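Since the structure comes first, as structure tokens, the remarks are kept for the end.
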Amino acid sequence: MLSSSEVKAPKKLTVDTRVITGVVVLDLKGSVVLGEACDSLRDHILQLLKRDQKNILLNLQGVVRMDSAGIGVLIAGVVETAKAGGQLKLLNVPRLIHNVLAVHRLLSVFEVYADENQAISSFNAT
């Protein structure tokens, strides 16, 4: 049986990195919320850009929660990546996050994919 603190506590964010044909895929798991999680994701993106890895795909399939600060990190990631001459795209956006982006008219900021192969191919097509 889980205690009430275990039920309410958001899952810590983990980021696993893979590279597929020159595209860096960040597999996110847990919550992307204000504080350490947002700082960690922002740092991952900035470190990739510093290493001249400019094609970034964020796989959000494992994300269970995202607050406004998390959405802000996604938007800043798109902007910073574009400034560096690259692209940041989203993969497997959970329905709740997709709906928040739609309600706030932010979907146009992102290229969103449901299929990893299509997402990877989209980088090579540009």
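Structural remarks
- Single residue of segment 73-102 satisfying the filter (in a loop (DSSP other than H, G, I, E, B) and aliphatic (A, V, I, L, M)) that is surrounded by the most Cβ atoms within 10 Å (Cβ to Cβ): 93
- The set of residues from segment 27-48 being at negative phi and part of a loop (DSSP other than H, G, I, E, B) comprises 33, 34.
- Residue within segment 49-66 that is of a type outside the set (Gly, Ala, Ser) and assigned to a helix (DSSP H, G or I) present: yes
- Pick from segment 103-126, criterion assigned to a loop (DSSP other than H, G, I, E, B) and either of a type in the set (Phe, Trp, Tyr) or closer than 21 Å to residue 67 by Cα (or both), ranking: most open to solvent (accessible area, probe 1.4 Å): 105
- Filter result for residue 69 (without any contact (Cβ under 8 Å) to a residue 40 or more places away in the chain, more than 15 Å from residue 13 (Cβ to Cβ), among the aliphatic types (A, V, I, L, M) and surrounded by fewer than 19 Cβ atoms within 10 Å (Cβ to Cβ)): no
- Residues of segment 17-45 that are under 13 Å from the mean Cα position of the chain (by Cα) and more than 24 Å from residue 121 (Cβ to Cβ): 29, 30, 31, 32, 33, 37, 38, 39, 40, 41, 42, 43.
- Among (1) farther than 19 Å from residue 14 by Cβ; (2) surrounded by 15 or more Cβ atoms within 10 Å (Cβ to Cβ) - the single one residue 51 does not satisfy: (2)
- Scanning segment 16-39 for residues that are farther than 15 Å from residue 60 by Cα and open to solvent by 10 Å² or more (accessible area, probe 1.4 Å) turns up 19, 20, 21, 22, 34, 35, 36, 39.
The values are calculated or read from the model by the stated rules, or taken from the named source; none is laboratory data. Quick caveat, the model's predicted, so the values are computed rather than measured. Every residue, glycine as well, gets a Cβ built from its backbone with ideal geometry; the counts of neighbours run over all protein chains shown. Heads up: the accessible areas ignore ligands, DNA and RNA and are worked out on the full protein's heavy atoms, side chains in. Shrake-Rupley method; radii C 1.70, N 1.55, O 1.52, S 1.80 Å.
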